[in-house]
Amino acid sequence: MRGEPKRAWAVTALLAGACAVTAFASGCRPGAEVVRVYDGQIAPGPYVQPEAYAHYLRGVIAEGHGDFSAALSSFEQAADIDADDPEVWTRIGDVRCRRDPKDSAADRAFSKALKIDASYAGALAAKGRCELTRGKTAEAAELVARATQEDPKRASLGALLVQIEARRGTPAARERAIALTVTQGHDENAWNALLAWGQARGDAGLVARALIGLLPTAPMRSPEVERGALDLLGEGQLVLARQVAAAVADAPRELDVHGPRDATVARLAVDEALSRGDEAAATARATRGHVSLPELAARALVFERAAFATSLARTVAHADPGASAAHMVLAAIAKRDEGAKKGGARHPGESLRRITDQPPELCALVFAERLTAAAGADVAREWLANVTRTPMAPHDPVAGPFVVDLAARGVIAESALPREWRIELAARRREAPPPMVANAEVTAAARAGVDAKHALLEQALTAPTAETTKTALTRLSGAVDRDPIVAFSFGRVALAGPTSPDVAERVRRAVAVDPANPLLLALGVEIAKQGGGDVAPAKTRLMAVASTPAERALATE
């Protein structure tokens, strides 16, 4: 009955079956050697009486269903029949500890198991887990390290050791976690360890690597991988989020991963391909993720893939002349090319005056943005108000800047914005975010929760010196140079207290990543003013993109 605790239930039938096969050859009599199978390996061992196996099997099944009382009763009956097997005592100790970590009987059971076999990795690991639940991480680490030495090929033991060391902050655990994925990459436990380390230490790169590694080893966990991509997005790690989303979108169907289930993840995967200029991959991912061709064209336009966007939009418009979304993309491209010069077209073309279908929201947004530049906010607001759009995916990093900027220009009403984009708008207005109003008039999008970086932004605007704000900023600090929301929050917190040259440098690097972002440019002006530097260049850059009265005032004062 040897086997790793908590996983033996998956192989118990194999163990019992092995005895049955051996019984045919040897009678499975007392004193005969029985061949068992565990983790795909043949392991000879002593004969175990069928009655003990029956009780053990019932215990494993009960434990798997969470019925610890029944499991304990069955394991103890198995021990009454066969008291010389360390696995059954390991199970007893494990179940007792899970029921009550303070149960001293659990320690006695582990002691019996280790007295029978002091090198039994299963008992050492189970006792280590028990000590971990008691808060004794040092003792847990020592026990699991011993278990790993006794059974170095068991990925689950190495993973458990990494998870314990992650709590302790042991520096060597990072390399141990990475090495485990190299030597045991076929086992999901290795990727679990890497994920645990990355999450515990705030290492977004390792989290993304672990999520991608989980897909081929544990495809049933693809929804968890998608949630991980969204978490990375919410923490300001856009590039990593796209990489994880791309892995989900490209996973072979043979793995039973049928593409992204989440609309935002599907779009992240498309954006990853567009960012590399891989039009074939973008099209394939859009099809698999149910992103329409007109929206794909709009996203391609945002990524400066105008030729690809034009080709897609023309194909759709030719196949369906009434598809307004395709005409919106083509009109946006035309207005971009003609520029906002005086004398340009001031109103949408005839094909966009009367829209009877429901285009994707991004298609309407890209045209509204160009229409605002060419004809003014009033014309764009009137046109957009008459277009019934298919709502965008939540947290869409491509649509978000359009929505916030159009709201800043008065084209979209603030009340129509999801909560997280209302927070961004407040930051651009240099105001505190409006309080959440719970009534029937608030849309579902407005009631939706905000992601981690927008929660940090709200804290930075309302309580920049609070310890909770500093704690949240520390957790997301790895994205300061990568995400404008996190960078702006970092700057606001820094401006609320003593600043250092490092603040200005990190904001400068953030501006280099997103050189036209109004939030960052406004922050650059404030930092230059407080630091006594040359403010004029920062004001000039801000004035070029200023849309709110606060931005214009900051650029001219």
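Roughly speaking, what % of Cα-Cα pairs in the chain are separated by over 46 Å, rounded to a whole number? Spell out each step's value before the answer.
Values: 50156 of 154846 pairs.
For the chain, the fraction of Cα-Cα distances above 46 Å is 32 percent.
As a test question: what accessible area, to the nearest 10 Å², does Arg253 have when a 1.4 Å probe is rolled over all protein chains in place?
Solvent-accessible area, nearest 10 Å²: 140 Å².
When all protein chains stay in place, what accessible area (Å², nearest 10, 1.4 Å probe) is found for Asp514?
It works out to around 50 Å².
Which Rg and Dmax, in Å, describe the Cα atoms of segment 47-104?
Just the Cα atoms of segment 47-104 yield Rg and Dmax of 10.7, 34 Å.
Would you mind checking which residues have amide H under 5 Å from Thr390's amide H? H placed 1.01 Å from N; only 5 or more apart, or other chain.
Correct list: Glu361.
With the alpha-carbon atoms as the only input, what is the per residue convex hull volume for segment 259-304 in Å³? Before the final figure, lay out the partial values.
Details: hull volume 2.5 nm³, N = 46.
Per-residue hull volume (Cα only) is 55 Å³.
Relative contact order (percent) for the chain, with alpha-carbon contacts under 8 angstrom and 6 or more residues of separation?
On the way: 857 pairs, mean separation 33.7, N = 557.
Normalised by residue count, the contact order of the chain is 6 percent.
By average Cβ neighbour count within 10 Å, what is the ranking of 544-554, 56-66 from highest down?
The densest-packed peptide leads the list: 56-66, 544-554.
Dipole of the chain (Lys/Arg Cβ +1, Asp/Glu Cβ -1, origin at the Cα centre): which of Ile81, Pro434, Phe68 lies farthest to the positive side?
Farthest towards the positive pole: Pro434.
How long is segment 161-299 along each principal axis, judged by its Cα atoms, biggest number first, in Å?
Extents along the principal axes: 50, 32, 22 Å.
From the Cα gyration tensor of segment 80-185, with a ≥ b ≥ c the square roots of its eigenvalues, which class applies: rounded if a/c is under 1.5, or else prolate if a/b is larger than b/c, or else oblate? Don't jump to the answer; show the numbers that get you there.
Details: a/c = 2.69, a/b = 1.58, b/c = 1.70.
Oblate shape, in that a/c is at least 1.5 and b/c is the bigger or equal ratio.
Could you tally the net charge around Gln459, taking each other residue with its Cβ under 12 Å from the Cβ of Gln459, Lys/Arg +1 and Asp/Glu -1? Intermediate values should be presented prior to the final figure.
Working: positive: Lys453, Lys470, Arg475, Arg492; negative: Glu458, Glu467.
Within the 12 Å Cβ shell, the charges total +2.
Straight-line reach from Lys539: which aspartates and glutamates fall under 14 Å, measuring Cα to Cα and dropping same-chain residues less than 8 apart?
Qualifying aspartates and glutamates at Cα under 14 Å: Glu526, Glu551, Glu557.
Of Val525, Ala325, Pro464, whose Cα points farthest to the positive end of the dipole of the chain (charges on the beta-carbon: +1 Lys, Arg; -1 Asp, Glu; origin at the Cα centre)?
Ranked along the dipole, the leading option is Val525.
Based on Cβ point charges of +1 for Lys and Arg and -1 for Asp and Glu, what charge dipole magnitude is obtained for the chain about its Cα centre, in debye rounded to the nearest 20? Don't skip to the answer; put the middle values down first.
Details: 68 positive and 69 negative charges, 226 e Å.
Here the chain has a charge dipole of around 1080 debye.
Under 16 Å between alpha carbons, and skipping anything fewer than 8 positions from Lys470 in its own chain: which aspartates and glutamates qualify?
Partners found: Glu235, Glu458.
Segment 493-557 to segment 125-149: how many Å between their Cα centroids?
51
Which whole-number value in Å² is the accessible area per residue of the chain, probe 1.4 Å?
Here the residues of the chain average 45 Å² of exposed surface.
How much of Trp197 can a 1.4 Å solvent probe reach, expressed as accessible area in Å² and rounded to 10?
20
Could you tell me what percent of the accessible area of the chain is made up of carbon and sulfur, with a 1.4 Å probe and every protein chain present?
Details: 13580 of 25310 Å².
Carbon and sulfur atoms account for 54 percent of the accessible area of the chain.
What percent of all Cα-Cα pairs in segment 172-218 falls into each 10 Å bin, going from 0 up to the bin containing the maximum distance?
The distribution over segment 172-218 is 35, 58, 7, given as percents.
Go through Ala210, Asn192, Ala172 and say which Cα lies farthest out towards the positive end of the charge dipole of segment 149-219; charges sit on Cβ, +1 for Lys and Arg, -1 for Asp and Glu.
Of Ala210, Asn192, Ala172, it is Ala172.
Can you list the aspartates and glutamates whose alpha carbon sits under 12 Å from that of Lys335, skipping same-chain ones fewer than 8 residues off?
Glu369
Can you tell me how segment 190-255 classifies by the Cα gyration tensor, rounded, prolate or oblate, using a/c under 1.5 as the rounded cut? Can you show the working numbers first?
Working: a/c = 2.23, a/b = 1.30, b/c = 1.71.
Cα axes put segment 190-255 in the oblate bin.
Given the -39500 (n - 2.57) contribution per DSSP H run of 4+ residues, what per-residue ellipticity at 222 nm results for the chain, rounded to the nearest 500 deg cm²/dmol? Could the numbers behind the result be given before it?
On the way: 30 runs with 368 residues, N = 557.
Counting only the DSSP helices, I get -20500 deg cm²/dmol.
The values are calculated or read from the model by the stated rules, or taken from the named source; none is laboratory data. Worth saying up front: this structure is predicted, and the values here are computed from it rather than measured. Counting neighbours? That spans all protein chains shown, and the Cβs are built from the backbone with ideal geometry, glycine included. The accessibility values were calculated without ligands, DNA or RNA, using every heavy atom of the protein model including side chains. Shrake-Rupley method; radii C 1.70, N 1.55, O 1.52, S 1.80 Å.
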